[in-house]
1. Using packing as a proxy for protection, rank B:62-71, A:228-237 so that the peptide with the highest average count of other Cβ atoms within 10 Å comes first.
2. Starting at 0 and stepping by 10 Å, how many percent of the alpha carbon pairs of the range B:218-281 end up in each bin?
3. If the label point is 7 Å along Cα→Cβ of A:Arg41, which residues in the range B:154-183 have backbone nitrogen under 18 Å from it?
4. Helix A:317-353 sits at what angle to the longest principal axis of chain A, using alpha carbons and giving 0 to 90 degrees rounded to 10?
5. From largest to smallest, what semi-axes in whole angstrom does chain A give when each is the square root of 5 times an eigenvalue of its alpha carbon gyration tensor?
6. Could you calculate the FRET efficiency of A:Met85 with B:Ile273 from 1/(1 + (r/R0)^6), where r is the beta carbon distance between them and R0 is 60 Å, rounded to 0.05?
7. Taking 8 Å as the Cα distance limit and 6 or more residues as the minimum spacing, I'd like the relative contact order of the range B:165-261 as a percentage.
8. Using only Cα atoms, locate the centre of the range B:163-194 and the centre of the range A:62-138, then give the distance between them in Å, rounded to an integer.
Amino acid sequence: MTCWVRGLNPTKSVYDFVQGIGVAEMAVQSDVIDEAGPYDRAKALSAFKLGDVTFYWITRLSAISVLLILGGIIISLIVGAFPAMKEYGFAFLWTQRWAPSADPPVLGALGPMYGTLVTSFIAMLIAIPVGLGIAIFLTELCPQWLRRPIGMAVELLAGIPSIIYGMWGFFVLGPFLANTFQPFMIRIFDGVPVLGAIFAGPPSYLSLFNAALILAIMVLPFITSISVDVFKTVPPVLKEAAYGVGCTTWEVVRSVVIPYTRVGIIGGVMLALGRALGETMAVTFIIGNSFRISSSIFAPGTTISAAIASEFAESDGLHQSGLILLGLLLFVLTFFVLAGARLMLLRLEKKAGK
Amino acid sequence: MNPIYARRRRKDIVVRGLCIGAAAFGVTWLALILLTLLYNGIAGLNLELFVADTPPPGSTEGGLRNAIVGSLIMTIIGVGIGAPLGLFAGTYLAEYGRNDKLTSVIRFINDILLSAPSIIIGLFIYGAVVVPMRGFSAIAGSLALAVIVIPVVLRTTEDMLLLVPNALREAASALGLPRSLVIKRIAYRAARSGLITGVLLATARVAGETAPLLFTALSNQFFSLGLNKTMANLPVTINNFVQSPYAYWKQLAWSGALLITLTVLALNIGARILGAERTAK
């Protein structure tokens, strides 16, 4: 029976229709009738019914477990964060000092929140143009034979575990940036009013900028693969018409492809942003875990996830509760970003379906 | 040539160049990371790595056996719990609840869980399992991994089952096959390689996960098989060793990193080849 099914292909149907019947017959014979002994219609039917109902409820309960997981996450975070919420209230959000060993401990989320937002912002600044560039290359410019290898290479970037990015950032990228890139930027912008402060300070292996660059590389595949997917929803006839009146590739992309897929691109970017906000191991390695806010992006900092990863295992009492409260903040933040991303992508799907 | 036309062409060439540059940029990172891993990790890739346990500080012999075994155990249990749940849930979404309100809610929530920060899942399991059980344990680590597996498998299962044409289901139903057998015998078989792809991708995703294990399974220096105690595992061991001052520990960390990356890439490539075979047919 298996050999029948191996050749089965859901996209061509009339021929398989007949094969499907063959499979169905055998299924009935082997599963139910053999067990029922001599043919007994009532017995066979009730066996069918029982199996049906059981299977339905197994699948339905599994599906509902997804909702339970979400509920469990929210409840366990709120319960864990409650002592800290009671102790610090809303002041938690704008206190910069983080002194868990003081008595009583002083905890404030401003440093990690600042680090999370700044690293994600810089990462998106780098990853959006590059990711879109790769997507345009893959859909419009790339010769057919090169499309799969390059697409695959970019997607494999998404598969590398984040701790590997962290090690690589710490041992390879960090030293390179500290010895070459940062002195260069610091020299160029020295004395320029605002930029001078942003690029000031001693070069360092551990900095917000290094973490942001690693984040950019990590979210690149998400932006690229979603952009490629949404670019494919553009009706070819629109592009052909534009090429037909003499548009160059860039003009077709700018005036046809991007306007048509704008919602989808924004959705993809927000999805990548959601990833960047919550990324943990890679950032923990290279951000330096400093709760002080510095105006320079070459100074060490911390993010919410890095703070949790590096302090949680050795924490207790109010300190631990404060870390869980940080986690709750992160979850709420990513939840809204990701929900927004999905709504955008759903809108595009509806448009493509029409 | 008309000057306006020349300007448009120049602009086009510049943008094309930038796009090619972007693609080269992306591929370069992959190559750089893999080369660094190979360069640093290959020296420690020998038999000792697989048969000796992690050494105490300062020692210059030892391997990663306990960590490798621990990772295998936790990954298998995690996928073993998460994959069936995800598979059944995906089945409900694609087969029973296609026009259900519940389905669209679950799909939406699942898509969010799919990209939720893994450290949050660690915090969740810490609160839900580690605190009530009064201690870090391998089973807590496995459950954290299972929570990550479910959304991945659910998503691919639903997508793949939706690709199976309805004519097949209708034919089976017309013969009197009950709904559950239509799904198990017809839909699952037609979508089989797709379903396996989903499980492989989920395995690849959790094999290198570190953040959720940091405070659920913790890690230790010993070989242990007990599920109710802390268990050594590769990602956390790498995390601890690479930041240590001992050269031999660092070497082990690089070799472990190479091992994980090769495994994860192999799983990813395998899943993609399976998936591609399906669409090419």
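Where a number appears in this text, it was derived from the coordinates with a stated rule and is not lab data. None of these values were measured; they are calculated from a predicted model. Backbone-built Cβ (ideal geometry, glycine too); neighbour counts: all protein chains shown.
1. B:62-71, A:228-237
2. 20, 32, 25, 15, 7, 0
3. Taking a point 7 Å out along Cα→Cβ of A:Arg41, the residues of the range B:154-183 whose backbone N falls under 18 Å are B:174-178.
4. 50
5. Equivalent ellipsoid semi-axes, largest first: 48, 34, 18 Å.
6. Using R0 = 60 Å, I get an efficiency of 0.75.
7. It rounds to 16 percent for the range B:165-261.
8. 44
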